[in-house]
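As structure tokens, the structure follows; a few thoughts come after it.
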Amino acid sequence: EGFAPEVLFLDLPRHDGTASENSAQIAVFARPWRPIVVSSSAGTEGYRQRAVLDRPAMIGTLAMPLTSGPSGRFDRQNTILIDLPSGELSSATELSVLNGENRMAVRAANGVWEIIAFARAEEIAPARWRLSALLRGLGGTEDALAIGAPVGAPVVVLDAAVQPLGLAATERGRRLNWIVEAAGMAGAP
């Protein structure tokens, strides 16, 4: 049986008060889920474990293009439509959203991740969600907000399943090799 997880590396701004070394993060989804070990090396050997993921990330795609919108206030006019094959979203109060709830990242057409928050989530068809009462361009991602994102762009719910890679300041911008494998399979042929 092949194990082929969906893996997304995210270079995120400091959207939740985390230290800058935590801006490089990873989101992994697989069905069936198995705990995941993430390791890296500058060469072809000597891999060092970076993270252990114990739950699948909620990874989806945009079901309609994401256009630019207002920044710095709730956008009550526009909505986001996403297909989320696994997991559920829920609404939150606007105060909770202002305090960090319901964050997600959408990869804009320029490859930069826009951080977006939403107060309302409604499942309008199986695995299709309409999100509204949006806060866009969070954490300095106004450049991604201005560009927008096409249909099919990846969407990642920023919850505890998305983990930092723990890059040292000296590793930022360096080329690293990564291995993402099921726990217990590390080093298996």
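The values are calculated or read from the model by the stated rules, or taken from the named source; none is laboratory data. Note that the structure is predicted; figures quoted are calculated from it, not measured. Methodologically, a virtual Cβ is constructed for each residue, glycine included, from the backbone with ideal geometry; neighbour enumeration extends over all protein chains shown. We work out accessible area using only protein heavy atoms, side chains counted, and drop any ligands, DNA or RNA first. Shrake-Rupley method; radii C 1.70, N 1.55, O 1.52, S 1.80 Å.
Odds and ends about this structure:
- Secondary-structure-derived ellipticity at 222 nm for the chain, considering helices only, amounts to -1000 deg cm²/dmol, per-run term -39500 (n - 2.57) for DSSP H runs with n ≥ 4.
- GNM result for the chain, Cα springs below 10 Å: residue of ALA149, ALA168, ALA160 fluctuating most strongly: ALA168
- With all protein chains modelled, accessible area of SER86 [1.4 Å, Å²]: 40 Å²
- Between THR170 and ASP83, the distance separating the two model label sites (each 7 Å from Cα on the Cα→Cβ line) works out to 4.5 nm.
- Residues considered: ALA42, ALA30, ALA161. Largest GNM mean-square fluctuation over the chain, using C-alpha springs under 10 Å, is found at ALA42.
- Pair GLU45, GLU122: separation of 7 Å Cα→Cβ label points (nm): 5.9 nm
- Share of carbon and sulfur in the accessible heavy-atom surface of the chain [1.4 Å probe, %]: 49 percent
- The residues of the chain have, on average, 51 Å² of accessible surface per residue, using a 1.4 Å probe with all protein chains present.
- With loop membership from DSSP and a limit of 13 other Cβ atoms within 10 Å, the longest segment of the chain without GluC sites (Glu not before Pro) is 89-189.
- List MET64, MET104, MET58, ordered by accessible area with a 1.4 Å probe, largest first: MET64, MET58, MET104
- Note on region 52-122: with charges restricted to the Cβ of Lys and Arg (+1) and Asp and Glu (-1), its dipole about the Cα centre is near 160 debye.
- Centroid-to-centroid separation of region 104-119 and region 73-100 [C-alpha atoms, Å]: 12 Å
- Between ASP159 and PHE3, the contour length at 0.36 nm per residue exceeds the alpha carbon distance by 53.8 nm.
- Placing +1 on the Cβ of every Lys and Arg and -1 on the Cβ of every Asp and Glu, with no other charges, gives the chain a dipole of roughly 160 debye about its Cα centre.
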